[in-house]
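A quick write-up on the structure given underneath.
What follows is calculated from the coordinates using simple rules that are stated; it is not laboratory data. Bear in mind that the values here come from a model prediction, so they are computed numbers and not experimental data. FYI the Cβ positions are ideal-geometry reconstructions off the backbone, even for glycines, and counts take in every protein chain you see.
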Amino acid sequence: DSGVTQTPKHLITATGQRVTLRCSPRSGDLSVYWYQQSLDQGLQFLIQYYNGEERAKGNILERFSAQQFPDLHSELNLSSLELGDSALYFCASSVGKQRAMDTQYFGPGTRLTVL
Amino acid sequence: DQQVKQNSPSLSVQEGRISILNCDYTNSMFDYFLWYKKYPAEGPTFLISISSIKDKNEDGRFTVFLNKSAKHLSLHIVPSQPGDSAVYFCAALAYNTDKLIFGTGTRLQVFP
């Protein structure tokens, strides 16, 4: 158990809908990262928040947005869903103090299926 | 554009033997490399890392080798155990960023 929790575990929805994925980081971790893993793909970095502020952005679509709240949990919002958005979405957290010495701990993921 | 490549989607090794997982990268700005292990229905778990100022890092049965001139790294597992059966991801960090760039993974199966 990494200490990172993600809810829900599974989500099935229809095209055009909007969903929210939730992540609670490990106690004491200030950084939260979101990744997308599509079928047979590596994990694609989407976005990072550090202590409530956006710190880095990757290949995140404009239909997707995220935020980190004062209690440090984070939500990833996916809107106008398309079939191609079906994937595993992972959240990771780290202390956020020392770059590259700072291990990212991953949650179990949310499997999103868009029908 | 796949900056981190794991060209072998799968690898099968007998228990007790050495497992060698390979990873190639294209971005010269990468200066820190990591290996993650992933079991089904779980998130990736950090395994071992190496800074670009080193060419080897060892942790128990796991050793990572880095060849900067060839832009290649490898993970050696000796001896391999059935519990090592998982998907292994290579990942890289570029200088002054926090964005992990992952490869597509290699599925390792260790059989008795």
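Numerical summary
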item	result
Most fluctuating residue given options B:Asn96, B:Asn22, B:Asn57, as computed from a GNM of chain B linking Cα atoms under 10 Å	B:Asn96
Average beta carbon contacts from partner chains per residue of A:34-43, 10 Å cutoff	4
Contour minus Cα-Cα distance for B:Leu11 and B:Ser28 (0.36 nm per residue)	3.4 nm
Ranked list, fewest to most other Cβ atoms within 10 Å of each Cβ, for B:Phe62, A:Phe69, B:Phe89	A:Phe69, B:Phe62, B:Phe89
The range B:61-112: Rg to Rh, with Rh as the Kirkwood radius over Cα pairs	1.04
Over the range B:21-93, relative contact order from alpha-carbon pairs under 8 Å, at least 6 apart, %	39 percent
Integer Hz, Karplus 6.51/-1.76/1.60 couplings in order for the range A:82-90, x for Gly and Pro	10, 4, x, 7, 4, 5, 8, 10, 10
Where labels lie 7 Å past Cα in the beta-carbon direction, separation of B:Ile18 and A:Asp102 in nm	3.6 nm
Rg followed by Dmax, in Å, when chain B is reduced to its Cα trace	13.3, 44
Radius ratio Rg over Rh of the protein assembly as shown, counting only Cα atoms, Kirkwood formula for Rh	0.97
Formal net charge of residues neighbouring B:Gln81 (Cβ-Cβ distance under 12 Å; K, R +1; D, E -1)	0
Exceeding the 23 Å Cα-Cα cut-off - candidates B:Lys38/B:Lys68; A:Lys9/B:Lys5; B:Lys37/B:Lys99; A:Lys57/B:Lys56	B:Lys38/B:Lys68; A:Lys9/B:Lys5; A:Lys57/B:Lys56
Chain A: radius of gyration and largest Cα-Cα distance (Dmax), Å	13.3, 41
Average Cα contact separation per residue, the range A:52-109, under 8 Å, 6 or more apart, as relative contact order %	22 percent
Relative contact order, percent, chain A [alpha-carbon distance under 8 Å, six or more residues apart]	37 percent
